[in-house]
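The values are calculated or read from the model by the stated rules, or taken from the named source; none is laboratory data. The model shown is predicted, which means the values in this text are computed figures rather than measured ones. Please note: Cβ atoms are built from the backbone with ideal geometry, for glycine as well, and neighbour counts cover all protein chains shown.
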Amino acid sequence: MDAARLGDRLRAARDRRGLSQQAVADALGLPRTAITNMETGARAVSTLEITKLADLYGQTPAYFLSPNEKEAEDLLVVLHRVLPEIEQAPQTKREVGRILDLYREGAGLRGLLDQTSEQTVPNYQSNVSSAGDAIRQGEVVAQEERRRLRLGIAPIVNAAETISEQGVWTAATDLPDGLSGLFVNHPSIGLAILVNASHRPVRRRFSYAHEYAHALFDRGETVTTTSSQNSTQLAEKRANAFAAAFLMPAEGVADHLRQLDKGSPSRHAQTFFDVANDAMMEAELRTRPGSQAITYQDVASLARRFGVSYEAAAWRLKSLGHIGVGETNALLSQKDTGNRYMRELGLEDLSETGKISEPPEQELRGQLVRLAVEAFRQEEISRGRLIEIARKLFPDPSLLVRFAEATRAG
């Protein structure tokens, strides 16, 4: 990018933050005339200065350096407009801001390392005209994503990890009551997901998959929220259908039912070849009456298998045609028994103790550590900058420094 265009972008970003040139100069430890010269294109800007300015202005280094980056409204301004209630919840506002700051750090490191992994996330954006159309699109794309990611019909062990590997930032944090999660698409961070940390792990898993659907279908909005207030929207129905099919693939559900010896018709006609008479013969196989009925124990087993809630498993069975309306209502009325059954028999381990769930920031911290260490190894960031990042991730910042310096050993 030419110096004049970079200067214009720096000046516009400073104006959006409401900062004076002197304030920026003080933050960078430079004379005010240096900031003036940067913004007029009369002075070169170093990589380290770009990084510090990006952090100060809430942007990424890539935002200032890319010739194609569009001007964008400050993310926090957009977020406060979409979620005005966080202004009345200081703790929530602080935690959301902290996670977004970590996302910006990661995006900045990606920019320094010329990594653009978020561009590998497919864009399935399409119009949706009815609830049926929304459900169909969600299920078709879920099947395609499982194929693309080579997941087969097995459960997804760690939803946050699977999604983050596609270049989408993921984390759980404090969110307003009634808000399950939100998807963000902004130049300062790229594609990102936040889910409600107060929800049970099985619900967070579903929320990760739901918000990933928004990353695949709905990138037009800077912030897309998921709450009880907008659950009837077609885009939300599509995301729910995607999440159910992504976490519980149809073939995987059918396979699990077969393992339970459930779900088969009570009568089954079978045709075979009679070699003695050189002819085809037919026989009818009958199962024991009532043996194929799906019970709350089976729903609980399915929920545990795929790391979802009892209710989500029951609705998935209905959507796939394994149970009817009456059976669904009866099984849902037993959800308390089903949940207690899982707890008492230790079947809820995968959804409650973290074996299949993920600590709120585990994946995000892992991503940032990897990026920071690599940027330090390639001498894209200084030791001082590494320590700044480390302070946001660990109580003892020297831990990250030791990890990074080990890559330069020898």
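Based on what the data block shows, is residue 209 under 14 Å from residue 247 (Cα atoms), out of contact with any Cys (no Cβ under 8 Å at 6 or more places or on another chain) and either among the small types (Gly, Ala, Ser) or free of Cβ contacts under 8 Å to residues at least 60 places away in the same chain (or both)? Yes; evaluated as a whole, the condition is true for this residue. Quick check on region 140-162. Is at least one of its residues β-branched (Val, Ile, Thr), within 16 Å of the chain's Cα centre (by Cα), in a helix (DSSP H, G or I) and modelled with pLDDT under 95? Yes, region 140-162 contains at least one residue that is β-branched (Val, Ile, Thr), within 16 Å of the chain's Cα centre (by Cα), in a helix (DSSP H, G or I) and modelled with pLDDT under 95.
Looking at region 178-200, which of its residues are among the hydrophobic types (A, V, I, L, M, F, W, C) and in a strand (DSSP E or B)? Scanning region 178-200 gives 179, 182, 183, 184, 191, 192, 193, 194, 195.
Here is a check on your reading of the model: is residue 137 polar (S, T, N, Q), crowded, with 16+ Cβ neighbours inside 10 Å, in contact (Cβ under 8 Å) with a residue 40 or more places away in the chain and assigned to a loop (DSSP other than H, G, I, E, B)? So residue 137 does not fit the description; no. For region 111-129, the criterion of a residue being under 26 Å from residue 228 (Cβ atoms), part of a helix (DSSP H, G or I), among the β-branched types (Val, Ile, Thr) and under 17 Å from the mean Cα position of the chain (by Cα) is satisfied by no position.
Note on region 295-329: among residues that are over 17 Å from residue 260 (Cβ atoms) and of a type in the set (A, V, I, L, M, F, W, C), the one that is surrounded by the fewest Cβ atoms within 10 Å (Cβ to Cβ) is 325.
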